[in-house]
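A.B. asks: Would you mind keeping the following structure in view while I ask a few things?
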Amino acid sequence: MHERISVHQMCFAGAGLSNYVRQCRTLGARRIGFISPALLAPGGLAEARAALAGGDFAVETVAHVFRAGHLSRDRNEWRESRESLARLIDIAAGLDARSIYMLTGGHGGLCWEDAADCFCEAVAPCVERAKSAGVGLAIENASALYAEIHIAHSLADTLTLAEMAGVGVCIELFFCWAEAGLPALFARAMPRCQLVQLSDYCYGDRSLPARAVPGDGVIWLEHIVRSLLDAGYAGAFDLELLGPRIDAEGPPAAVARAAAHVGKLLTHLGA
């Protein structure tokens, strides 16, 4: 597998942490990404260390929902979210993870600007903790269909929020590939870009999740990846595959095909 490809745990979301790592070992992955509930569960860190033992893996990232509910001006409602993220930062540092990327919490009854201010204040102590621990903290762009747990839906809005909060970004191409001005947005994102996530989209799909193996859909991946490389992106390309198409093929086969296609593309582009 190409050294810049990462395989995310979401590809094997129902498999459990240890089984996921075994799947990655079989596939020849060198970079992997966890989901935070598995690590925050009792014994999660020990299980992760045991699963990683003897393997030549780099933990690229950890996906985390900062607040599994709406943002609020009530600071008491942030305490548990802040404490969980602080604990996750310590766990990520213990695994030498490169980054944690987040969904922020939902809009609730707040306008975007007020919700953004709430998130920035809530996460501020964790930003400093992550810097001290050497773990990149980031937010990703995600569809407005996730508005109950997130406020950053376009890549432009995600960059604005990241700049306000002093954190990085995870560019989720599935949710921004059709946006205007991507090369300019990529250039703006590069100083704080922690990760790029790849999958594909097929015209006519109307539900979430509904991802396709890269190369099976209509996203112009060669053009987009070239733009990212031209902007100076030197990090991992994370495969996050889920939905009916992936289930029908079977995650191991789908991930193997995705890795082969993306690896060939990266080699072609000189990455």
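A.B. asks: Of 97, 48, 111, which is farthest along the charge dipole of the range 1-131 in the positive direction, counting Lys and Arg as +1 and Asp and Glu as -1 at C-beta?
C.D. replies: 48
A.B. asks: Can you give the calculated 222 nm mean residue ellipticity of the chain, where each DSSP H run of n ≥ 4 adds -39,500 (n - 2.57) and the sum is split over every residue, rounded to the nearest 500 deg cm²/dmol?
C.D. replies: The helix contribution divided over the chain gives -13000 deg cm²/dmol.
A.B. asks: Assuming R0 = 22 Å, can you tell me the calculated FRET efficiency for the pair residue 41 and residue 76, based on Cβ-Cβ distance, to the nearest 0.05? Don't skip to the end; give the middle numbers.
C.D. replies: Values: r = 25 Å, r/R0 = 1.13.
Here the calculated transfer efficiency is 0.30.
A.B. asks: For residue 237, enumerate residues with amide H under 5 Å from its amide H, sequence gap 5+ or separate chain, H modeled in the peptide plane.
C.D. replies: Excluding prolines and chain starts, which carry no amide H, the hits are 5, 6.
A.B. asks: For residue 13, what is the net charge nearby, where nearby means another residue's Cβ is under 11 Å from its Cβ and Lys, Arg count +1, Asp, Glu -1?
C.D. replies: On the way: positive: none; negative: 240, 247.
The answer is -2.
A.B. asks: Counting residues in the range 119-171 as N, plug N into 2.2 N^0.38 Å and put the Cα Rg over that result.
C.D. replies: 1.13
A.B. asks: Further, regarding this structure: Please name which of 197, 68, 186 has its Cα lying farthest along the dipole of the chain towards the positive end, using unit charges on Cβ (Lys, Arg +1; Asp, Glu -1) and the Cα centre as origin.
C.D. replies: Most positive-ward Cα: 197.
A.B. asks: Next question, about the same structure. Tell me, which longest segment in the chain has none of the chymotrypsin sites (Phe, Trp or Tyr not before Pro) that fall in DSSP loops with at most 14 further Cβ atoms within 10 Å?
C.D. replies: It works out to 1-202.
A.B. asks: May I pose another question? Calculate, in whole percent, how much of the Cα-Cα pair population of the chain lies beyond 33 Å.
C.D. replies: Of all Cα-Cα pairs in the chain, 16 percent lie more than 33 Å apart.
A.B. asks: Of 127, 85, 35, which is farthest along the charge dipole of the chain in the positive direction, counting Lys and Arg as +1 and Asp and Glu as -1 at C-beta?
C.D. replies: The one lying farthest along the dipole's positive direction is 35.
A.B. asks: Stokes-Einstein at 10 °C, 1.306 mPa s, Kirkwood radius from Cα pairs: D for the range 7-134 in µm² s⁻¹? Don't skip to the end; give the middle numbers.
C.D. replies: Working: Rh = 15.5 Å.
D = 103 µm²/s.
A.B. asks: With +1 on each Lys and Arg Cβ and -1 on each Asp and Glu Cβ, and nothing else charged, work out how big the dipole of the chain is about its Cα centre, in Debye to the nearest 20.
C.D. replies: Its charge dipole is roughly 660 debye.
A.B. asks: How large is the dipole of the range 180-243 about the Cα centre if only Lys and Arg carry +1 and Asp and Glu carry -1, each at its Cβ, rounded to the nearest 20 debye?
C.D. replies: In total the dipole reaches around 240 debye.
A.B. asks: Next up: Between residue 127 and residue 253, what is the label-point separation in nm under the 7 Å Cα-to-beta-carbon projection?
C.D. replies: Once both label points are built, they end up 4.7 nm from each other.
A.B. asks: Apply the Karplus parameterisation 6.51 cos²θ - 1.76 cosθ + 1.60, with θ equal to phi minus 60°, to every residue of the range 89-94 and state each ³J(HN,Hα) to the nearest whole Hz, in sequence, with x for glycine and proline.
C.D. replies: These are the phi-based 3J(HN,Hα) values: 4, 5, 5, 4, 4, x Hz.
A.B. asks: Would you please give the FRET efficiency between residue 157 and residue 184, computed as 1/(1 + (r/R0)^6) with r the Cβ-Cβ distance and R0 = 22 Å, to the nearest 0.05?
C.D. replies: 0.90
A.B. asks: I would also like to ask the following. Longest span of the chain, sites excluded, free of GluC sites (Glu not before Pro) in DSSP loop with at most 15 other C-beta atoms within 10 Å?
C.D. replies: Between exposed loop sites, the widest span is 4-147.
A.B. asks: So, with +1 on the Cβ of K and R and -1 on the Cβ of D and E, and no other charges, what is the size of the charge dipole of the range 223-269 about its Cα centre, to the nearest 20 debye?
C.D. replies: With only Lys, Arg, Asp and Glu charged at Cβ, the dipole is about 180 debye.
A.B. asks: Another question, if that's okay. Using r as the Cβ-Cβ distance of residue 207 and residue 112, and R0 as 22 Å, what FRET efficiency do you calculate, to the nearest 0.05?
C.D. replies: Working: r = 25 Å, r/R0 = 1.15.
The computed FRET efficiency comes out at 0.30.
A.B. asks: Cα centroid distance between the range 222-271 and the range 102-171, in Å?
C.D. replies: After rounding, the separation between the Cα centres reads 25 Å.
A.B. asks: Taking just the alpha-carbon atoms of the range 143-271, what radius of gyration and Dmax come out, in angstrom?
C.D. replies: My reading of the Cα-based Rg and Dmax gives 14.6, 41 Å.
A.B. asks: Let me check I've understood the local charge: for residue 249, count other residues with C-beta under 10 angstrom from its C-beta, Lys and Arg +1, Asp and Glu -1. What total comes out? Present the calculation step by step, with values, prior to reporting the outcome.
C.D. replies: Numbers: positive: 245, 257; negative: 216, 247.
Here the charged neighbours net out to 0.
Each reported figure results from applying straightforward, stated rules to the coordinates on display, with no laboratory input. Everything numeric in this text was worked out from a predicted model, so none of it was measured. Because the Cβ atoms are built from the backbone with ideal geometry, glycine has one as well, and the counts that use them run over all protein chains shown.
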